[in-house]
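Notes for the one structure printed next.
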Amino acid sequence: MSAENTAKIAKAQPSRKGKKAWRKNIDITGVEDGLEVLRSEERVRGKTTPLEDHQLFTIDTVGDSKVKRQLAKDKPLKVDEILAERSAVPAVNGRALRSSAKPASKGKPSKYTLEKVEKIAKRKAEESAAPVKKKNKSSQTNTYDLWADAPVEEKNPYLEDVRTHKAKAPATMEHTPKALVNHVNVVVPDAGASYNPSMEEHQKLLDKAHSVELKKVEAAKKLDEQLAYRKELDDLAHELEEHNAHVNGETVEDEEETAISADATEAEKKKQNEIRKTRTKRNKERKAQLERALREKKQHERNIRKQIDKLEAIEEELAQRYADLENLSTKRDAHREAEALAGKKRLGKHYVQEMSIEVQLQDELSETLRQLKPEGNIFRDRFVSIQERNIIEPRVPVQKHTKYKPKAYERRSYKNFDAEQARFYAKTDKK
Amino acid sequence: MGKINKKGVKGAAANFITRQRALNKLQISLADFRRLCILKGIYPRDPKNKKKANKGSTAPATFYYIKDIQYLLHEPLLQKFRDYKAFAKKLNRVLHKGEYSTAKSLEENTKPVYNLDHIVKERYPSFIDALRDLDDALSMLFLFSKMPADNKIKAKAVADCQKLIAEFQAYVMKAKCLRKVFFSIKGIYYQAEIKGQTITWIVPYQFSQAVPTDVDFRVMLTFLEFYTTLTGFVNYRLYNELNIAYPPNLSEMAGFDAGDAMLTKTEATAEDAVAALDEFKSAGGEEDKDTVTLRQIQDASNEVSNLQQLFANCVFFISRETPRYALEFMIRSCGGQVSWDPSVGENPPFAENDERITHQISDRPTVSNRVLGRAYVQPQWIADCINARRILRSKTYEPGQVLPPHLSPFVEAKEGDYVPGSAIDSDAEEEEEEEVVAEDKEDDKEDVYESELKAEAAGVTFSESTNAETKPTASKKSTKKRSAAEVEEEEQKEMATVMMTNKQRKLYQKMQHGKQKKVAEVEKLQRKKAALKPKKK
């Protein structure tokens, strides 16, 4: 190991033994450069004494340009310089003081006031003379006949490309919704909606309103029924308990297991015996089967014979059934047609509002026009009519909802409310 | 394999667009989009297959035609709305800073103004189309004419409403085209006939209308805006046809006095001719199945001209408690003269104690200080007269009396319907009727006695004879009335029944059965009425 290290070290440093090795492995560039400098100086100046300090060096009094630039940067702005100049003379106050102003003539108004007054008078005179016409923002448009024939303009073929053409309405604009076509704009009211209706018409309308309400009530009842808790569930629970108990009873009790198993084997044996039938038994069974088949056949024939007697009745029944089916189908078709004519019940997210039937009850009917209390709201009527005709999508007012529920606190001072009040009133009473 | 079709290029997906996408395309707010759709007449649609139209989603959405939305892009109103939005921003900023004078000048000078003329012209290319939608417009205008001005409803809008309805009512009174009136519990329904179009509109009673909370007011105001423009143009055209300058100087909303002065003689004749023409056309339109007989046309036109001069010889005075706005309109549309109490309105033509007054309309339980020569009636009398197209007996409509029912004129009595005729008797015919009835009673009694004697002799029981009586008499009458044409008709019908299938025949029989039931009912009611009449006397 030591030998290797030494070998390494030896390798790093080449030997300088001998003149040749020494000359090869040293670096004398520095020395050589210095000597070269001296020699070059000698060449220039000749062999003389070395120079003095003041001949070799100078003291810089001018300064570095970089530093100069930096100083220039730090200079304050010209504006600031100007503003900083403060003259010795004081500035004049903007406002003219009474003391400073000297009226040309005492008692009479100054020139300034006279000028001002003239100006105002002039302005007033102008205003009253010609009232400034306010720009008519209402844009009186109804002063011409919209449907009068427009004057035919000559078409210049050279200008056609340059003129802006009016956009042509697409064919879909002609498609009016079915509801709009089939519904009347203003629906004529029922005869029973008169303020003084005849008995029959009023009754008819009441019946109509009644049926609508009845349907609603029934629907609500049905819903309640479906949502209500059923008594059968209690019984079911009871049953389940029993069943579970029964099942559990069998598995838990181990004592009976062996007995049960013993019974089981016996039952199995019995079954096996029964399976081996005798020939007689088989024959008997076959006979019984044949007889049964015969009997059934006879019964069947008897039934058919009976039915022949009832043929007419059966035909009637069938006819009735067909008639009913036809009725149903015609009703269905009529219903579908009516629905198609009525328009869409739902456009978008919400359903079209339905107009409630407006009718006054028997006691609400008034005798005279003066005592009439109007029923129903025309705003709602118009709005629902617009929705029914599918002109706009049904809208539901957006309820403002807060993300948090407002919490109620009681201030500490409120706790002393009664005491304070009592004190206050005591004071006033005393007075 | 055929051409590969890309999804979403054809069919429902390419024809419909949801509301949100439309908003993104048009770059306006939802409220402005709604307004634009209402004004332009772009309606929400319902595609057959919503899933395809909405790119696989079945969430409820509102659909529009893509072509409609693309058409909207060319609408100049769109730019106006955007300008208004920018203006509103500036105004808001200035107001919040507190610079009120700047705000005022901004509003006066830079507020963008738009008008809807081109939209009205687009949607209603002809005048008749505009008349078809006039009923909706009128109802809306009447509704808003009595609203108090507040934040949302501008006073100017309400004033415009009032002006337009006053002008329209003045026109109807001049042209005398009111045909039907109905006092319902919701409001007063009028039906007028203008240029062959029947226009039905509703007028609310003048109580303060409660505005329901579930009605979207912005939608109503947009409609109001559009309908105001429409009605303005329609009024202009209507007045042009009567050769009256538009806008007319109506002294007061319900006064209409100056309107009278405008009408000169020549104009009056022109207007009559116009009215007559209208009647002819409308009468011709009523007949649908059978040939239009000249007689029928003449009858119809006579009826209408009667209606127009119904109150020509009557002078009315309206009491304070009755609705003047309705009654004045109705009376003057039928040629009558009317006046009112000075506390109710300005410039009554004549005073309450004028001698010319023939009828006084009052709604009180009793009338004190009755004037001889005046008939005192309740307001329903006028409406019933107009609906019946003749002057009815005013005794049944006295104040304090129980009125006969106010029947709806919109329910047209079909063939064979029972028409309750309790109030149809007019004053003039009353006396004649009484005489006729007296005569008939006598004849009937003799006949009845004779037939009863015969029946007894024959051995027929009383009930059978009464049943038999009605039937043969009816059939006898029917045989007498049968003419050759009718016989032929019946034969044709019989032939047709033979050719029918079982199903059709059964349907026909059902129909006939229903008809017969109705006829029997009507006869029963008429018999009852006949029975009551002699009792009354």
Discussion item. Among the residues in the range B:479-493, are any modelled with pLDDT under 85, surrounded by fewer than 10 Cβ atoms within 10 Å (Cβ to Cβ), among the basic types (Lys, Arg) and on the phi < 0 side of the Ramachandran plot?
Written reply: yes
Worksheet item: If only one of B:Asp117, B:Asp83 is among the acidic types (Asp, Glu), within 12 Å of another protein chain (Cβ to nearest Cβ) and surrounded by fewer than 17 Cβ atoms within 10 Å (Cβ to Cβ), which one is it?
Response: B:Asp117
Worksheet item: For B:Leu372, are the conditions met, namely being in the same structural domain as B:Glu328 (by TED's automatic domain parsing), in contact with a Pro (Cβ under 8 Å, 6 or more places away or on another chain) and open to solvent by 60 Å² or more (accessible area, probe 1.4 Å)?
Response: no
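Of all residues being of a type in the set (Val, Ile, Thr) and more than 8 Å from chain B (Cβ to nearest Cβ) in the range A:351-376, which is surrounded by the fewest Cβ atoms within 10 Å (Cβ to Cβ)? Just the residue, please. I'd like the intermediate steps shown before the answer.
Start the filter on the range A:351-376 by keeping residues that are of a type in the set (Val, Ile, Thr), which leaves A:352, A:357, A:359, A:368.
Right, trim to more than 8 Å from chain B (Cβ to nearest Cβ) and you get A:352, A:357.
Numbers: A:Val352: 19, A:Ile357: 17.
The extreme case among them is A:Ile357.
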Worksheet item: Looking at the range A:381-405, which of its residues are open to solvent by less than 100 Å² (accessible area, probe 1.4 Å) and under 24 Å from the mean Cα position of the chain (by Cα)?
Response: A:Gln387, A:Asn390, A:Ile391, A:Ile392, A:Glu393, A:Pro394, A:Arg395, A:Val396, A:Pro397, A:Thr402
Worksheet item: Of the numbered conditions (1) open to solvent by 50 Å² or more (accessible area, probe 1.4 Å); (2) out of contact with any strand residue (DSSP E or B) (no Cβ under 9 Å at 6 or more places or on another chain), B:Lys146 satisfies every one except a single condition; which is it?
Response: (2)
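Does A:Ser40 satisfy the condition of being at pLDDT 90 or above, among the polar types (S, T, N, Q) and open to solvent by less than 80 Å² (accessible area, probe 1.4 Å)?
Details: at pLDDT 90 or above: yes; among the polar types (S, T, N, Q): yes; open to solvent by less than 80 Å² (accessible area, probe 1.4 Å): yes.
Spelling it out, A:Ser40 is indeed at pLDDT 90 or above, among the polar types (S, T, N, Q) and open to solvent by less than 80 Å² (accessible area, probe 1.4 Å).
Which of the residues spanning the range A:173-182 are buried (at least 18 other Cβ atoms within 10 Å of the Cβ) and either touching a residue at least 12 places away in the same chain (Cβ under 8 Å) or more than 20 Å from B:Tyr227 (Cβ to Cβ) (or both)? Outline the logic, then answer.
Kept after step one, since they are buried (at least 18 other Cβ atoms within 10 Å of the Cβ), are these residues of the range A:173-182: A:173, A:177, A:179.
Correct list: A:Pro177, A:Ala179.
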Fill in: Residue among A:Arg336, A:Arg346, A:Arg276 that is under 60 Å from the mean Cα position of the chain (by Cα) and open to solvent by 100 Å² or more (accessible area, probe 1.4 Å)
A:Arg336
Item to complete: Can you confirm whether the range A:165-181 contains a residue that is farther than 23 Å from B:Tyr64 by Cα, part of a loop (DSSP other than H, G, I, E, B) and more than 7 Å from chain B (Cβ to nearest Cβ)?
Response: yes
Fill in: Residues of the range A:185-211 satisfying the condition of being in a helix (DSSP H, G or I), under 30 Å from B:Asp135 (Cβ atoms) and open to solvent by 60 Å² or more (accessible area, probe 1.4 Å)
A:Glu200, A:Gln203, A:Lys204, A:Asp207, A:Lys208
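A quick yes/no check of all residues on (1) aliphatic (A, V, I, L, M); (2) at pLDDT 90 or above; (3) more than 30 Å from A:Leu205 (Cβ to Cβ); (4) not assigned by TED's automatic domain parsing to the domain that holds B:Gln337:
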residue	(1), (2), (3), (4)
B:Ala130	yes, yes, yes, yes
B:Phe142	no, yes, no, yes
B:Met147	yes, no, no, yes
B:Ile165	yes, yes, no, yes
B:Phe183	no, yes, no, yes
B:Lys195	no, yes, yes, yes
B:Ile202	yes, yes, no, yes
Item to complete: Please identify the pairs in which a residue from the range B:378-404 that is at positive phi and buried (at least 18 other Cβ atoms within 10 Å of the Cβ) has its Cβ atom under 7 Å from the Cβ atom of a residue that is at pLDDT 90 or above and in a helix (DSSP H, G or I), counting only partners at least 6 apart or on another chain.
Response: none
Worksheet item: Of B:Lys97, B:Lys104, B:Lys67, which residue is farther than 19 Å from B:Ser29 by Cβ, assigned by TED's automatic domain parsing to the domain that holds B:Arg35 and open to solvent by 60 Å² or more (accessible area, probe 1.4 Å)?
Response: B:Lys67
Fill in: Single condition B:Asn109 does not satisfy, out of (1) outside the structural domain of B:Ile188 (by TED's automatic domain parsing); (2) in contact with a Ser or Thr (Cβ under 9 Å, 6 or more places away or on another chain); (3) loosely packed, with under 15 Cβ neighbours inside 10 Å
(2)
Worksheet item: Do we find a residue being open to solvent by 60 Å² or more (accessible area, probe 1.4 Å), part of a helix (DSSP H, G or I) and in contact (Cβ under 8 Å) with a residue 12 or more places away in the chain anywhere in the range A:298-315?
Response: no
Fill in: All positions within the range B:25-45 that are under 12 Å from B:Tyr64 (Cβ atoms), within 11 Å of chain A (Cβ to nearest Cβ) and either touching a Cys at 6+ places or on another chain (Cβ under 8 Å) or surrounded by 20 or more Cβ atoms within 10 Å (Cβ to Cβ) (or both)
B:Cys37, B:Lys40, B:Ile42, B:Tyr43, B:Pro44, B:Arg45
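Within the range A:357-369, is there a residue that is assigned to a helix (DSSP H, G or I), among the polar types (S, T, N, Q) and either without any contact (Cβ under 8 Å) to a residue 60 or more places away in the chain or within 30 Å of B:Tyr397 (Cα to Cα) (or both)? Reasoning before the result, please.
Restricting attention to the range A:357-369, the residues satisfying the condition of being assigned to a helix (DSSP H, G or I) are A:362-364.
Of the ones still in play, those that are also among the polar types (S, T, N, Q) are A:362.
Those left that are additionally either without any contact (Cβ under 8 Å) to a residue 60 or more places away in the chain or within 30 Å of B:Tyr397 (Cα to Cα) (or both): A:362.
Yes, because at least one residue in the range A:357-369 is assigned to a helix (DSSP H, G or I), among the polar types (S, T, N, Q) and either without any contact (Cβ under 8 Å) to a residue 60 or more places away in the chain or within 30 Å of B:Tyr397 (Cα to Cα) (or both).
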Worksheet entry | Per-region count, the range B:339-352, residues open to solvent by 10 Å² or more (accessible area, probe 1.4 Å) and in contact with a strand residue (DSSP E or B) (Cβ under 8 Å, 6 or more places away or on another chain) | 7
Item to complete: Taking the residues in the range B:2-24 that are in a helix (DSSP H, G or I) and of a type in the set (S, T, N, Q) as candidates, determine which candidate is surrounded by the most Cβ atoms within 10 Å (Cβ to Cβ).
Response: B:Asn15
Worksheet item: Do you know which residues across the range B:353-366 are crowded, with 16+ Cβ neighbours inside 10 Å and more than 19 Å from B:Leu392 (Cα to Cα)?
Response: B:Arg364
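The values are calculated or read from the model by the stated rules, or taken from the named source; none is laboratory data. Quick caveat, the model's predicted, so the values are computed rather than measured. Don't worry about glycine lacking a Cβ; one is built from the backbone with ideal geometry, like all the others, and counts go over all protein chains shown. Only protein heavy atoms, including side chains, enter the accessible area calculation; ligands, DNA and RNA are left aside. Shrake-Rupley method; radii C 1.70, N 1.55, O 1.52, S 1.80 Å.
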